[in-house]
Every structure is written in structure tokens, then in C-alpha cells.
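**Q** Encoded as C-alpha cells, here's the structure I'll be asking about.
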Amino acid sequence: MQRNTRRGSDVNKLGDLIKLERLGEGTYGTVFKVHNKKTGELSAMKQIKILGGDADGGVPSSAVREISLLRSLDHPNIIQLKDIIPADGKLYLLFALMFKDLRQHIDGTRQQGNHLPSNIIRSYTQQILQGLDYCHKRRLFHRDLKPQNILLDEVGGLKLGDFGLAKLFGTPVRITTFEIATLRYRAPELLLEFPDYGPAIDIWSVGCVLAEMIQLTPFFKGTNPLDQIHRIFSILGTPRESSWPGISSSTIYQDISYSIEQTSCLSQELSDASPEQINLLSQLFCFCPKSRISAEEALKHQYFTEIFSSQENNAASS
Ligand code: AMP
């Protein structure tokens, strides 16, 4: 009886929503802008098909994970899950509405022949790290950080979204797949198939996103995992046991490491980057996950603590 009443109210809740334009496509389905005709509120609605069509069962485990994780998170740089409506054999998640994602913003900026202003790049990087620091301190990592999952408002605010792949870390888990994190943002420990990866994989992705905001194009543009490793090593050099103890136990590393020559370096690839950006990037791109800078440490980097970076000073004086 109680269940029917709840279902009835869920259907009513859904009936109050008017679907407006499509905002984007994610791992679980389409995201729409919706308008609540009773409250006037605008939201982003993610619609997830429930396998088997029964609202009480068959919900994809990844969706359940995202829901329970998101509900427990409360931070200005993490997207707010406002409501969950199970109805019509689907699950509707209502999120705070954002303006666009960082992928759209980067692509739009490039198409207009512009650059992202250096203060915006710094503020976005700082907000990404603040969101991650909050998550990592709660033993949670995102696992699929990329511009599409980074949401922007119209006044410079940024929130991390799409926590479908996030999971609690701490207890060692047997990993059967390393295909987490979109290839271009995937950390070397995943590419080399080390089973005990942790929150440092998100930090690597922050490096990729920062470099992409500077360059307006993905930084390591691999087409498959091996090609991705080649591209990383050819810019950053090939890691050795001295810098990443244990690396030679990876069979992938054993097969390829001897053949990759360093043909470039960070400052050559990113000629528009300031020295502070290059210094931070070199720590975000530290090969050894244990030595890679944490979100908390990165937030103390001079890139964020100095009022003007040298690049901005140069721009201001020219
Ligand atoms: P997701 O399934 O979370 O990866 O979302 C897919 C796409 O939908 C994103 O890349 C955004 O373009 C858009 N989107 C997701 N959530 C929101 C939101 N809260 N506000 C505005 N657009 C969103």
C-alpha cells in the first residue's frame, strides 16, 4: 500500500516536469533540461533505463553507486543530486542545472580562435582540485575525470559530475579491467595494468585537463592503450625503476619500454604555458603514483598561492 502511494507520488513528481532541450549524452543515457511547472525550478535530468523494466529491481549497479555516492557528497565543486524519481521503468535523477561542460567550452573557445584566459584556467584547475580533495579525503575517487564530466556555470563556477565510475578505495580490490578512465585521461598505472591503483589516477587526469585548457586540444592523443603509452613516454621520457620502483614488473612495460625515445618535453609541447603551470604539470604527471602530488598538496602549489602568475604579469605589462 505504502509502496503504491510512493510510486503514485513519484509519477506525479515526474508529471510536474516539462522536458526542454537535450543537454548531452553520458554513460547511462541522455541528459535533458527540465522545468518544474509547479515550482518553476530548472534542473538537469538524467534518465536511466532500468534493466528488466521494473522500477523496484534491475537498476544498473553503476547507477546505484552513483546515486548513493552523490547523495552523500556536499561540496560547492561537486554536482548536487536534487532528487531521484523511479517511474515508468526508468530512474530519473535530477541535478542542479549547469550552463555547459568543459568539453563544449574548450571546443567553442578553439573554434572562435580564442584562448582560455589564464585566470580562468587557474580557477578551473583549483576548483577541480578542491572537488577532488573533498572526494579523496572521503576515500572516494572519480575514475573518469575528463572535460565532458566537468560542468561549468555562467559565472566561473565549476562542479565535478558523472560519478558513475567513482568508488570507495582503501581496501585492495582484485581488478579485472583497466579500461576505466577515458583513454586520453588514463593514468600510466592503468595503461600498464597495475592492479593497485588509487586516487592518483584522478590527479593524472587533472594534468591532462590542465594541459588541454592551455592547448585547447587533448594533450596525449592516443588511439589505443599502447599508442597512449608511447605518446606519454615520448613527451615525458620513459620511467625507470629509479623513478618508479616496481615498474619493470609490468609485462607491458617490459615489452615496450626499450623502444620509446623521448622526442619532446612539457615546455616544448606547451609553449604557451607559464613556468608555474609547467612546474605543477610536472608534478601532476609524476609517473610513480605514490610520489604523484595529491590534490591537497597541489592546492598549495605557487600556481594558486601567488596572486599573479608570471604569464599574467607579462600579459598585464604588454
Ligand atoms: P553525464 O551523463 O553526467 O556524463 O552527462 C552527459 C552530458 O550532459 C555532460 O557532458 C553535459 O554536457 C550534460 N550535463 C550533465 N549534467 C548536467 C548538468 N547538471 N547541467 C547541465 N548539463 C549537464
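The values are calculated or read from the model by the stated rules, or taken from the named source; none is laboratory data. All values derive from a computational prediction rather than experimental measurement. Please note: Cβ atoms are built from the backbone with ideal geometry, for glycine as well, and neighbour counts cover all protein chains shown.
**Q** Which count do you get for residues in segment 251-284 that are loosely packed, with under 13 Cβ neighbours inside 10 Å and either of a type in the set (Phe, Trp, Tyr) or closer than 20 Å to Asn119 by Cβ (or both)?
**A** Counting residues in segment 251-284 that are loosely packed, with under 13 Cβ neighbours inside 10 Å and either of a type in the set (Phe, Trp, Tyr) or closer than 20 Å to Asn119 by Cβ (or both) gives 3.
**Q** If only one of Lys82, Lys90 is away from the ligand (no atom under 14 Å from the Cβ), among the charged types (D, E, K, R) and within 28 Å of Ile48 (Cβ to Cβ), which one is it? Give the derivation first.
**A** Working: Lys82 fails: away from the ligand (no atom under 14 Å from the Cβ).
Selected residue: Lys90, the only one of Lys82, Lys90 that is away from the ligand (no atom under 14 Å from the Cβ), among the charged types (D, E, K, R) and within 28 Å of Ile48 (Cβ to Cβ).
**Q** Among the listed residues Asp144, Asp162, Asp153, identify the single one that is of a type in the set (D, E, K, R), within 16 Å of the ligand (Cβ to nearest atom) and modelled with pLDDT of 95 or more.
**A** Selected residue: Asp153, the only one of Asp144, Asp162, Asp153 that is of a type in the set (D, E, K, R), within 16 Å of the ligand (Cβ to nearest atom) and modelled with pLDDT of 95 or more.
**Q** Within segment 97-107, is there a residue that is farther than 27 Å from Ile18 by Cα and either assigned by TED's automatic domain parsing to the domain that holds Ala187 or in contact with a strand residue (DSSP E or B) (Cβ under 6 Å, 6 or more places away or on another chain) (or both)? So that I can check it myself, show each step before the final result.
**A** Let us first name the residues in segment 97-107 that are farther than 27 Å from Ile18 by Cα, namely 106-107.
Now drop any that are not either assigned by TED's automatic domain parsing to the domain that holds Ala187 or in contact with a strand residue (DSSP E or B) (Cβ under 6 Å, 6 or more places away or on another chain) (or both), which leaves 106-107.
Within segment 97-107 (the criterion being farther than 27 Å from Ile18 by Cα and either assigned by TED's automatic domain parsing to the domain that holds Ala187 or in contact with a strand residue (DSSP E or B) (Cβ under 6 Å, 6 or more places away or on another chain) (or both)), the answer is yes, since at least one residue qualifies.
**Q** Let me ask something else. Out of the residues in segment 22-38 that are among the hydrophobic types (A, V, I, L, M, F, W, C) and within 6 Å of the ligand (Cβ to nearest atom), state the one that is farthest from Met98 (Cα to Cα).
**A** As a first pass, look at segment 22-38 and keep what is among the hydrophobic types (A, V, I, L, M, F, W, C): 23, 31-32, 34.
Right, trim to within 6 Å of the ligand (Cβ to nearest atom) and you get 23, 31.
On the way: Leu23: 10, Val31: 12 Å.
Selected residue: Val31.
**Q** Pull up segment 23-70, narrow it to residues that are among the β-branched types (Val, Ile, Thr) and not in a strand (DSSP E or B), then point me to the one that is modelled with the highest pLDDT. Reasoning before the result, please.
**A** Filtering segment 23-70 down to residues among the β-branched types (Val, Ile, Thr) leaves 27, 30-31, 34, 39, 48, 50, 59, 64, 67.
Still in the list and also not in a strand (DSSP E or B): 27, 39, 50, 59, 64, 67.
Working: Thr27: 70, Thr39: 94, Ile50: 61, Val59: 62, Val64: 69, Ile67: 75.
By that ranking, first place goes to Thr39.
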